[in-house]
1. Could you work out the relative contact order of segment 87-142? I mean the mean sequence separation of Cα pairs under 8 Å and 6+ apart, divided by the number of residues, in percent.
2. Using square roots of five times the C-alpha gyration tensor eigenvalues, list the equivalent-ellipsoid semi-axes of segment 87-142 in whole Å, biggest first.
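Derivation of every value follows stated rules applied to the coordinates shown; laboratory data play no part. Just so it is clear, the model here is predicted, and its values are computed rather than measured.
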């Protein structure tokens, strides 16, 4: 029995010595295997392309940001009575039947719904544009 143990031990040592020698070439061949290596390689460029896109977006956002914070300008003062040029009195003199949907929408934005409706609007570019669109339906006077 003692002789069996001694013979078994050298056999186990020999198996251990051979096992790492067999595993090393197998380990070297595993990354070089075509099927396994191509799948991760195909995923890596896609991930790199995504990373590159993320890097570009961060680089673009950094490029858009100023390098050093600039001194903030003083906030603009609220327009006072001098800034306002006045008010206009707008009256709808003709009906909206037969008008396009855009013309009806412009009249509604001025607050005009029926014939002889009168609204007071600020005298600015937006109101002037609306009046220009449906001026043939309106009478305009200073308020």
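1. Details: 76 pairs, mean separation 31.0, N = 56.
After rounding, I find 55 percent.
2. Numbers: eigenvalues 55, 30, 15 Å².
Square roots of five times the eigenvalues give 17, 12, 9 Å.
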